[in-house]
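Values quoted throughout were computed directly from the atomic coordinates according to the rules given, and no laboratory measurement underlies them. Treat the numbers as computed from the prediction; the structure is a model and nothing was measured. We place every Cβ from the backbone using ideal geometry, glycine too, and count neighbours over all the protein chains shown.
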Amino acid sequence: MESHNDEQAADDGRPPTSSPILEALLENARNQQYLGRRLEAAGDRVDTDLLGDIVRHRPILEALRAEPLDRREIEERLDVSRATSHRFTKWLDDQGFVEKVDGRFQLTGRGEAVADEVLRFEANVRTVHRLAPLLDIICEDHQELVIEPFVDSRVTHAEPDDPYQPVERFISLLSESETFRGFNTTHMAPLVLGGFHLQIFEETDTEIIYLPHIVEKLFETYPERAREAIDRGHLGLRTRDTLPYGLAIFDKRVGIGGYDEATGLMEVFVDTDAPIACEWADRVYAAVRADSDPLDERKSDW
């Protein structure tokens with residue numbers, strides 16, 4: 001995945017400039033743990049019954065968010081009776097979420113905003129359920145993970161009858177990519193996996209950030225090939241004493257791997273080609289890279 005932000009990140013060591021959308025997502029993620037306290041301080045919490053009612057009226061909010069509808073169209077769109085549609089619209093009217101214009105119900109500005117938040121909540125809850133295996137594994141690090149970009153991601157699990165499915169998915173994406181950047185990828189492709197290392201030594205323009213002992217082991221396992229790839233400028237290695245979950249950045253997709261610390265095996269791999277996720281991955285990689293060390297001359301002689 002090529003990024004127009006890479007040059008800036010390499011020049012000054014700062015994370016690349018993000019789009020306003022990503023900046024808003026990142027700011028929201030940073031503030032989420034304090035939202036409860038901020039709401040308490042404001043002293044005006046929303047009644048839980050009202051919150052429940054808003055969620056229950058999600059279908060009509062979503063329908064009217066798309067376009068204004070008359071009574072008959074609401075009944076047909078939602079497959080409800082006239083009495084039910086009347087109850088729905090009366091509730092929306094009581095809350096100030098809807099108004100009637102030329103015989104059709106349309107959301108007010110307040111109603112549109114509530115509809116958007118309900119849909120965002122549903123999308124995020126769905127994403128959390130889909131990413132649950134990953135979030136459970138990386139729970140200590142997941143504050144760095146922004147949920148929204150992964151709403152339509154592909155989730156590959158290790159199954160009892162096929163424990164290597166996540167690794168196979170990772171390798172398949174690498175084989176289709178001309179470039180690769182990542183960190184903490186040992187669990188995505190263990191050092192004993194020769195096919196992966198042949199790819200990064202000879203086929204793919206690669207930069208990886210490893211834990212120091214993993215770099216040492218890499219040179220012990222593939223001493224000649226690793227040195228040759230580095231000398232050709234084909235492989236860049238950096239080290240960092242601690243790393244969060246595994247991150248993989250391909251030409252057109254990004255992936256995150258979660259692994260079992262006891263076995264070292266990757267248990268789940270989540271990947272997507274969503275532009276906002278790719279932008280998020282660029283930013284995270286640049287931040288981790290800026291806090292890593294390049295492989296020096298002494299270490300390259302391992």
- request: Would you work out the relative contact order for segment 46-120, in percent, from Cα pairs under 8 angstrom that are 6 or more residues apart?
  value: 35
query: What FRET efficiency would be calculated for the residue pair Glu202, Glu117, taking the C-beta separation as r and a Förster radius of 51 Å, to the nearest 0.05?
result: 0.55
message: Once you compute Rg and the Kirkwood Rh from C-alpha atoms, what is the Rg to Rh ratio for segment 46-120?
response: 0.93
statement: Two pseudo-spin positions, 7 Å from Cα along C-beta at Arg45 and at Asp162, lie apart in nanometres by 4.6
message: If amide hydrogens are placed 1.01 Å from N in the peptide plane, which non-local residues have theirs closer than 5 Å to the one on Thr108?
response: Val98, Glu99
Dipole of segment 71-131, positive direction: furthest Cα of His129, Ala113, Leu92, with charges on the beta-carbon: His129
- line: Put in order of increasing Cβ neighbours within 10 Å, starting from the fewest, Arg37, Arg110, Arg77 give Arg37, Arg110, Arg77
message: Using a 10 Å cut-off around each Cβ, can you sort Ser85, Ser175 from fewest to most neighbouring Cβ atoms?
response: Ser175, Ser85
